[in-house]
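Everything on this sheet refers to the single structure shown next.
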Amino acid sequence: MGYEEAFPPELREYYRKLFGDEAEEIMASLRTPVEKYYIRVNTLKTSRSKLMAILRKEGLKPKRSPYLREGIYFEREGPNFPDDYEPDLPAVRANKFASESVYQGAMLYAPGVLQADRRIKPGDEVEIRDPRGLLVGIGIARMGAKEMITSTRGLAVEVTLPKFKLPSLSELESFKEGLFYAQSLPSMVVAHVLEPREEDLIIDMAAAPGGKTSHIAQLMQNRGEIIAMDKSKNRLRKMEEELKRLGVKNVRLIRMDARKLPELGIHADKILLDAPCTALGIRPKLWESRTPKDIEATARYQRAFIWAAVKSLRKGGVLVYSTCTLSLEENEANVKYALSKGLKLEEQSIFIGSPGIGIENVQRFYPNRHLTQGFFIARFRKV
Ligand code: SAM
């Protein structure tokens with residue numbers, strides 16, 4: 001399956017209209033994992049040099065980000081085989097989530113297995129395919145066919161040749177000690193663009209699982225106060241664990257619908273709205289199911305958050321709006337909406353992306369140009 005079939009025809013058409021000749025390159029990049037996989041040094045607990053030395057001892061090859069002093073990245077390995085490779089081995093079909101993980105170098109566990117060739121015995125070499133038949137990796141079966149379909153736990157296939165390989169970090173001691181957070185480069189730019197100060201009252205309107213909140217906290221050296229909210233109970237639970245792992249102490253977590261923020265009667269100095277979005281910029285995508293209709297609906301949803309943010313900022317306060325998506329409606333068009341509600345665009349302290357479509361003063365990251373996730377950042381001031 002080529003990358004074209006990974007996108008619904010309406011979305012392909014939408015990309016072609018918006019990005020012209022570059023659309024094809026963008027879609028091909030979205031299909032693959034990021035070339036540089038970033039983590040953020042938790043400066044509440046360690047420094048970049050110390051963490052680099054620890055990671056090297058843990059067997060990894062960390063590199064310094066030239067852009068951000070707390071950024072470290074690892075080079076992606078692969079592709080390890082061409083797109084038309086047909087190994088002709090007995091096949092295991094994995095669900096989309098497990099396939100995406102194997103595609104980037106993870107092992108295949110039994111809960112992710114959908115189907116397996118009946119001949120498969122432990123020790124056999126097998127090919128792993130996603131639900132649509134795309135080859136995501138090759139490995140050695142550690143269970144027989146029946147067991148890998150019925151088991152609810154355990155290693156089903158030891159993946160020896162994934163299509164791509166990113167480092168797996170969550171088992172490392174340095175991870176457990178909270179010395180870093182896995183975070184994309186554009187996501188890391190967001191907290192800097194907010195320019196948090198210790199004396200600021202900061203609200204993070206869509207905060208879980210806490211990547212950007214914990215970054216803001218570290219830039220504030222755990223001082224001042226961040227009010228972080230999210231409507232998802234599960235994601236907030238995960239966020240609580242993460243804040244604990246990272247040693248973040250200046251965050252108050254609230255479970256609520258952020259569109260009701262004005263009801264709290266707070267007038268914040270700074271607000272981060274890392275909006276729920278169609279996530280069209282997230283890599284890799286084995287396939288995409290969203291269409292322009294989803295874009296429209298999501299953009300409308302986001303405007304309710306923007307309006308709530310405008311009402312909850314003090315005069316002169318700052319709003320940073322970000323998304324991990326590529327559409328015009330969720331990005332530049334919503335910026336225009338914000339401008340019509342009494343906000344003014346401001347320059348961003350770190351600018352390593354491209355200008356927006358028809359608006360200079362916003363930052364867009366393109367997967368093909370910047371080798372990152374697709375991303376968007378705007379900074380406003382309430383006038
Ligand atoms: N800022 C987070 C980070 O850096 O880790 C990621 C946030 S994610 C892009 C968007 C979040 O918005 C999700 O956690 C989702 O649960 C939350 N969300 C969606 N609708 C919401 C609502 N009405 N009120 C509050 N949070 C909402």
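The values are calculated or read from the model by the stated rules, or taken from the named source; none is laboratory data. Computed from a prediction, not measured in an experiment: that's the story for all the values here. When we count neighbours, we look across all protein chains shown, and the Cβ atoms used for this are built from the backbone with ideal geometry, even at glycine. Areas reflect the complete protein model, heavy atoms only, side chains present, ligands, DNA and RNA absent. Shrake-Rupley method; radii C 1.70, N 1.55, O 1.52, S 1.80 Å.
Identify all residues within region 33-50 that are among the hydrophobic types (A, V, I, L, M, F, W, C) and surrounded by fewer than 22 Cβ atoms within 10 Å (Cβ to Cβ); write none if there are none.
Leu44
Output the residues belonging to region 294-316 that are within 12 Å of the ligand (Cβ to nearest atom) and of a type in the set (Phe, Trp, Tyr).
Tyr301, Phe305
Which residue out of Arg56, Arg129 is modelled with pLDDT of 95 or more, out of contact with any Asp or Glu (no Cβ under 9 Å at 6 or more places or on another chain), surrounded by fewer than 15 Cβ atoms within 10 Å (Cβ to Cβ) and among the charged types (D, E, K, R)?
Residue meeting the stated conditions: Arg56.
Based on what the data block shows, is Ser101 buried (at least 18 other Cβ atoms within 10 Å of the Cβ) and free of Cβ contacts under 8 Å to residues at least 12 places away in the same chain?
Against the criterion (buried (at least 18 other Cβ atoms within 10 Å of the Cβ) and free of Cβ contacts under 8 Å to residues at least 12 places away in the same chain), Ser101 qualifies.
Scan region 186-230 for residues that are in contact (Cβ under 8 Å) with a residue 60 or more places away in the chain, part of a strand (DSSP E or B) and of a type in the set (D, E, K, R) and jot them down.
Within region 186-230, Asp204 is the sole residue that qualifies.
Take the residues in region 231-249 that are part of a loop (DSSP other than H, G, I, E, B) and away from the ligand (no atom under 12 Å from the Cβ), then tell me which one is surrounded by the fewest Cβ atoms within 10 Å (Cβ to Cβ).
Here the answer is Lys249.
State whether the residues of region 127-135 include one that is of a type outside the set (A, V, I, L, M), in contact with a strand residue (DSSP E or B) (Cβ under 7 Å, 6 or more places away or on another chain) and farther than 22 Å from Tyr85 by Cα.
no
Yes or no: Leu68 of a type in the set (A, V, I, L, M, F, W, C), in contact with a helix residue (DSSP H, G or I) (Cβ under 7 Å, 6 or more places away or on another chain) and surrounded by 15 or more Cβ atoms within 10 Å (Cβ to Cβ)?
The answer is yes for Leu68.
I need the full set of residues from region 151-184 which are in contact with a helix residue (DSSP H, G or I) (Cβ under 8 Å, 6 or more places away or on another chain), open to solvent by less than 20 Å² (accessible area, probe 1.4 Å) and in contact (Cβ under 8 Å) with a residue 60 or more places away in the chain, in order please.
Ala156, Val157, Pro162, Lys163, Phe164, Leu169, Ser174, Gly178, Leu179, Phe180, Gln183
State whether the residues of region 276-292 include one that is among the polar types (S, T, N, Q) and open to solvent by 10 Å² or more (accessible area, probe 1.4 Å).
The answer is yes; a qualifying residue exists.
Tell me which of these Ser327 doesn't satisfy, since it passes every other one: (1) open to solvent by less than 60 Å² (accessible area, probe 1.4 Å); (2) in contact with a Pro (Cβ under 9 Å, 6 or more places away or on another chain); (3) more than 16 Å from the ligand (Cβ to nearest atom).
(3)
Hey, among the residues in region 218-229 that are more than 21 Å from His267 (Cβ to Cβ) and either out of contact with any Pro (no Cβ under 7 Å at 6 or more places or on another chain) or charged (D, E, K, R) (or both), which one's surrounded by the most Cβ atoms within 10 Å (Cβ to Cβ)?
Gln218
Being in contact with a helix residue (DSSP H, G or I) (Cβ under 9 Å, 6 or more places away or on another chain), more than 30 Å from Pro162 (Cα to Cα) and more than 11 Å from the ligand (Cβ to nearest atom) is the filter here, so list the residues in region 264-293 that pass it.
Within region 264-293, Leu264, Gly265, Ile266, His267, Ala268, Lys270, Ile271, Pro292, Lys293 qualify.
Within region 325-335, is there a residue that is among the acidic types (Asp, Glu) and assigned to a loop (DSSP other than H, G, I, E, B)?
Yes, some residue in region 325-335 is among the acidic types (Asp, Glu) and assigned to a loop (DSSP other than H, G, I, E, B).
Does at least one position in region 268-289 carry a residue that is in a helix (DSSP H, G or I) and out of contact with any strand residue (DSSP E or B) (no Cβ under 9 Å at 6 or more places or on another chain)?
no
Considering Lys285, Lys293, Lys233, which residue is farther than 22 Å from Gly374 by Cα and not β-branched (Val, Ile, Thr)?
Residue meeting the stated conditions: Lys233.
Is it fair to say Arg252 is charged (D, E, K, R), away from the ligand (no atom under 13 Å from the Cβ) and not in a helix (DSSP H, G or I)?
yes
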